[in-house]
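Here's the structure we're looking at; comments come further down.
The values are calculated or read from the model by the stated rules, or taken from the named source; none is laboratory data. In this text, all values refer to a predicted model and were calculated from it rather than measured experimentally. Virtual Cβ from ideal backbone geometry, glycine too; neighbours counted across all protein chains shown. Remember, those area values only see protein heavy atoms, side chains included, never the ligands or the DNA or RNA. Shrake-Rupley method; radii C 1.70, N 1.55, O 1.52, S 1.80 Å.
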Amino acid sequence: MMSQEIEIKFRIADVRALTRKLRAAGFHIVTPRKNEINTLYDLPGEVLRSRRELLRLRKYGSEWTLTHKAGKKTGRHSSREELETSVGSGKQMDAILRALGYAPSFRYEKFRAEWSDGKGQVVVDETPIGNFCEIEGSGRWIDATANRLGVSKADYITKNYAGLFAEWKDRTGSSAEDMTFKAVAARSKPRRRS
């Protein structure tokens, strides 16, 4: 069944301070901090990207999911249609996608903790390019939750992590191709002169 994903992101200056604000606002931890690795797939010629669609294989802790997102609309919130299913074997799903002509186009990694107040979800993401929070739920609930956390509408980010990574690369001059901790660290070290 297709669902509508509505969300915003914002930058986090202090993860501990945000955690305290979440607890004070009545949120409880749903999933403690876990490593998450995501691989986006596309067809030759970036067919999905040109249609503003996304096909993602995600490993979160020991669980795998396959997600397709389409129909992105951006206003104050990011909104898109989402189909998602559990996958038993990430290795087998990767082999199936490759057999169908898809190839990995971008990888990104983060440590994620999930919070909820029973009405929506707040996730805290620690990424190689900084820390972010996503608030996902109805538009009205997102705005109310952001307000409770001291986040103004001017701080809302509606880009996905691929877009944020591209901006970060432009700003830093990094040659990293993927947003993984290893790739970003390797490309951020000063090169030795011979």
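For the residues VAL151, VAL122, the requirement of being within 19 Å of GLN4 (Cα to Cα) and either of a type in the set (Gly, Ala, Ser) or touching a Ser or Thr at 6+ places or on another chain (Cβ under 9 Å) (or both) singles out VAL122. When ARG98 is tested against (1) out of contact with any Asp or Glu (no Cβ under 9 Å at 6 or more places or on another chain); (2) more than 22 Å from PHE132 (Cα to Cα); (3) among the charged types (D, E, K, R); (4) in contact (Cβ under 8 Å) with a residue 40 or more places away in the chain, just one condition goes unmet, and that condition is (4). Checking each residue in the stretch 132-154 for being open to solvent by 50 Å² or more (accessible area, probe 1.4 Å) and touching a strand residue (DSSP E or B) at 6+ places or on another chain (Cβ under 7 Å) picks out GLU136, SER138. Residues in the stretch 1-12 that are at pLDDT below 95 and exposed (fewer than 15 other Cβ atoms within 10 Å of the Cβ): MET1, MET2, SER3, GLN4.
Which of the residues spanning the stretch 92-141 are closer than 30 Å to PRO44 by Cβ and of a type in the set (Phe, Trp, Tyr)?
Matches in the stretch 92-141: TYR102, PHE106, TYR108.
Scanning the stretch 116-131 for residues that are crowded, with 18+ Cβ neighbours inside 10 Å and either at positive phi or assigned to a loop (DSSP other than H, G, I, E, B) (or both) yields a total of 3.
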